[in-house]
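Each remark here refers to the structure printed beneath this line.
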Amino acid sequence: MPVSVFLALVFGCVGAVLMGIGLSRRRASRNWLCAQGRIIASDWGLSTPSRYPRFEWRDAEGNLHMHESSMSSWRHYRKGDPVPVRYDPAFPKRAVIDTPVQRGASFFWLGVLLCGIAGLFLLVELLLN
């Protein structure tokens, strides 16, 4: 198997998985409600064990909820920072800080990029043969 075909398979498979994760996260949170929340704790730095911000928000009925992000954050949040929150009204424990990464858009577009690279490897192989 030519190297370019192997690389196309690797990039294409990883890209497809990332696109699937992105679409799944986006589809799951599409109909969730939005709320204004705030960071209640965020450990960030070389000596800290976690970069998963903890946040709280009030649902439509006024109930207070607290949640730790299931995804690491590239942004350094400080305690008390306001954040937009998206949550499942049927199960408020399912909530995310409303950012493209948390909603899955970044996964989707990274997957598209990797699939595009896979297509370029295949095109190179076709042109060389």
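The values are calculated or read from the model by the stated rules, or taken from the named source; none is laboratory data. Here the structure is a predicted model, which means the values were calculated and not measured. Don't worry about glycine lacking a Cβ; one is built from the backbone with ideal geometry, like all the others, and counts go over all protein chains shown. All accessible areas refer to the heavy atoms of the entire protein, side chains included, with ligands and DNA or RNA removed. Shrake-Rupley method; radii C 1.70, N 1.55, O 1.52, S 1.80 Å.
About the Cα centre, and with charges only on the beta carbon of Lys, Arg (+1) and Asp, Glu (-1), how big is the dipole of the chain? Nearest 20 debye, please.
260 debye
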What accessible area per residue comes out for the stretch 3-128, rounded to a whole number of Å², with a 1.4 Å probe?
62 Å²
Probe 1.4 Å, all chains present, heavy atoms only: C13 accessible area in Å², nearest 10, is 80 Å²
If amide H atoms are built 1.01 Å from N in the plane of the peptide, which residues on other chains or at least 5 residues away come under 5 Å of the amide H of I40?
R54, F55, E56, G80
For every other residue with a beta carbon closer than 12 angstrom to the beta carbon of F108, add +1 if it is Lys or Arg and -1 if Asp or Glu, then tell me the sum.
+4
What does the charge count around V96 come to, taking other residues whose C-beta lies under 9 Å from its C-beta (Lys +1, Arg +1, Asp -1, Glu -1)?
+3
FRET efficiency for A16 and H65, Cβ-Cβ distance as r, R0 = 30 Å, nearest 0.05?
0.30
Which value in nm describes the separation of the simple spin-label points at D88 and Y52, placed 7 Å from the Cα toward the beta carbon?
1.6 nm
Distance (nanometres) between label positions extended 7 Å along Cα→Cβ at L120 and C34
3.5 nm
Considering only protein heavy atoms and a 1.4 Å probe, what is the carbon-and-sulfur percentage of the accessible area of the chain?
65 percent
Taking loop as defined by DSSP and a crowding limit of 12 other beta carbons within 10 Å, which trypsin sites (Lys or Arg not before Pro) in the stretch 50-129 fit?
R78, K79, K93
